[in-house]
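The values are calculated or read from the model by the stated rules, or taken from the named source; none is laboratory data. On a predicted model such as this, the values are computed, not experimentally measured, just so you know. Here the Cβ positions follow ideal geometry from the backbone for every residue, glycine too, while neighbour counts run over all protein chains shown. Calculation scope for accessible area: heavy atoms of the full protein, side chains included, ligands and nucleic acids excluded. Shrake-Rupley method; radii C 1.70, N 1.55, O 1.52, S 1.80 Å.
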Amino acid sequence: MTADPRWVALVRGADRPGTLTALTSVFSTRGVSFDSLATGAVDGGSGSIAVTFHASLRRQQHLVRTVERLSAVQSVVVRPASDPRVRAAGVVQMPPGVPFAPPPTVAVRWSGDSAAGQPVLVEGSLADIGAVVLRAREQGALATATVVLSA
């Protein structure tokens with residue numbers, strides 16, 4: 001675990017071979033690991049890549065400048081992971097018959113009935129979705145997933 005802040009970068013890039021490789025190379029050659037990396041739908045010849053990572057402010061700024069210079073990159077938006085504008089979705093699958101609801105301290109929208117064997121889908125800030133997933137794991141979740149929607 002690192003003491004550096006957690007960041008979320010939403011990168012818009014060209015839909016062509018090598019775009020994702022170029023992006024991951026920037027992080028790799030600078031010794032920064034991803035917490036998560038997800039690609040979004042391609043629309044109009046470009047797609048989105050959401051990256052969460054830990055880095056000092058200085059290193060984060062250097063990474064962004066370097067990523068922005070890649071020929072395949074059209075735009076980069078970076079925010080602290082705690083920023084409420086960073087939206088995410090999560091899915092929680094509990095063991096059969098185990099009820100689950102998000103903690104009352106989070107502001108999320110959710111649906112599904114885990115006691116009926118349904119997955120629970122939650123949407124909210126990345127910080128709140130993280131709290132929901134943590135609670136589900138503590139209560140024995142069989143599977144969880146989190147996807148960054150926007151930054």
All but one of (1) touching a helix residue (DSSP H, G or I) at 6+ places or on another chain (Cβ under 7 Å); (2) closer than 30 Å to Arg135 by Cβ; (3) crowded, with 18+ Cβ neighbours inside 10 Å hold for Leu10; state the number of the condition that does not hold.
(1)
What single numbered condition from (1) free of Cβ contacts under 8 Å to residues at least 24 places away in the same chain; (2) open to solvent by 40 Å² or more (accessible area, probe 1.4 Å) fails to hold for Gly40?
(2)
Would you call Arg65 of a type in the set (D, E, K, R), within 20 Å of Arg12 (Cβ to Cβ) and modelled with pLDDT of 90 or more?
yes
